[in-house]
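Structure first, then comments.
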Amino acid sequence: MRTRPLAYAGLLAGGALAVVGSAQPWWRAVGEGIAVRFTGTEVTGGLSQALAVVVLAGTLLSLALRARGRRVLGALLALAGVGLVAVGLVRARPSVEAVRTQVRTVSLADQFALVGTLWPALYLSAGVLVLVGAVTMALSAPRWASRADRYRRDVEPARSVAADDDPAEVWKAMDAGLDPTLVSPADTSTTPPGPPTHPAPPDVRNGGSGDTMGSSRPGPSS
């Protein structure tokens, strides 16, 4: 199984679930004529929502980083995942004064019960997803291709595509970030052209003839 989709699926799903879970009621104050709820953001002082936003922002940031940056970011997101799990396990309760203040806004009754919900457990599950995705990114990021490498001319492509290749292969190469106009070095001759050859000049000693065994000079006339 490819590790890149697994990492991003865990990070995105965990971050989104954490954002939703932090906005849901973790505790309810119930009684006669009383129905007051306390969200995860309220009972944790905003920490639950902040961790979820950090995960989503870090996931988007990883798209612009290279292997080393992704490894560091994966380690940081793993710490955020641990924080999500810890917040879900602790399941912070609202203070008594905070509950009474909220209850008095809707009723004058002093008798109420504080009941927990299942949203902290779902928030904890979101932390586990984030932790799995972040660890996967930190361990396997060096094997991922960077989107920025597609636009670098100094990066040697995995293979070149000749101009007369199958059109389907050319499209696949372009989708993989290769330049279809490049030709493999084996397909071209690197031998430089030799110097031009010229015919040998005629032998002037033989009267412009190239034959060295020709006639001799005429003697003086008598």
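The values are calculated or read from the model by the stated rules, or taken from the named source; none is laboratory data. What you see is a predicted model; the values in this text were computed from it and never measured. As a convention, Cβ positions derive from the backbone with ideal geometry for all residues, glycine included, and neighbour counts pool all protein chains shown. Heads up: the accessible areas ignore ligands, DNA and RNA and are worked out on the full protein's heavy atoms, side chains in. Shrake-Rupley method; radii C 1.70, N 1.55, O 1.52, S 1.80 Å.
Can you report the number of residues in the range 23-80 which are of a type in the set (Ser, Thr, Tyr) and over 29 Å from the mean Cα position of the chain (by Cα)?
Within the range 23-80, the subset of a type in the set (Ser, Thr, Tyr) is 39, 41, 44, 48, 59, 62.
Narrowing the set further to residues that are over 29 Å from the mean Cα position of the chain (by Cα) leaves 39, 41, 44.
Total meeting the criteria: 3.
Just checking, which of Ala18, Ala23 is touching a Ser or Thr at 6+ places or on another chain (Cβ under 9 Å), surrounded by 17 or more Cβ atoms within 10 Å (Cβ to Cβ) and at pLDDT 90 or above? Even if it seems obvious, please write down each step before you answer.
Working: Ala23 fails: surrounded by 17 or more Cβ atoms within 10 Å (Cβ to Cβ).
It is Ala18.
Return yes or no: is Leu114 part of a helix (DSSP H, G or I) and open to solvent by 20 Å² or more (accessible area, probe 1.4 Å)? Quick ask: steps written out before the conclusion?
Working: part of a helix (DSSP H, G or I): no; open to solvent by 20 Å² or more (accessible area, probe 1.4 Å): yes.
No: the conditions fail for Leu114.
Residues checked against (1) modelled with pLDDT under 75; (2) touching a Gly at 6+ places or on another chain (Cβ under 9 Å); (3) among the aliphatic types (A, V, I, L, M); (4) assigned to a loop (DSSP other than H, G, I, E, B):
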| residue | (1), (2), (3), (4) |
| --- | --- |
| Ala109 | yes, yes, yes, yes |
| Leu131 | no, yes, yes, no |
| Ala145 | yes, yes, yes, yes |
| Arg159 | yes, no, no, yes |
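Within the bounds of the range 50-64, is there any residue that is assigned to a strand (DSSP E or B), crowded, with 16+ Cβ neighbours inside 10 Å and touching a residue at least 40 places away in the same chain (Cβ under 8 Å)? Walk me through how you get there before you give the answer.
Step one: of the range 50-64, the residues assigned to a strand (DSSP E or B) are none.
Checked the range 50-64: no residue is assigned to a strand (DSSP E or B), crowded, with 16+ Cβ neighbours inside 10 Å and touching a residue at least 40 places away in the same chain (Cβ under 8 Å).
How many residues, within the range 82-98, are hydrophobic (A, V, I, L, M, F, W, C), open to solvent by less than 50 Å² (accessible area, probe 1.4 Å) and part of a helix (DSSP H, G or I)?
If we filter the range 82-98 for residues that are hydrophobic (A, V, I, L, M, F, W, C), which is where we start, we get 82, 84-87, 89-90, 92, 96, 98.
If we keep only those that are open to solvent by less than 50 Å² (accessible area, probe 1.4 Å) too, we end up with 84-87, 92, 98.
Going one step further and asking which of them are part of a helix (DSSP H, G or I), we end up with 84-87, 98.
Selection size over the range 82-98: 5.
If Val82 satisfies all but one of (1) modelled with pLDDT of 90 or more; (2) touching a Ser or Thr at 6+ places or on another chain (Cβ under 9 Å), what's the number of the condition it fails?
(2)
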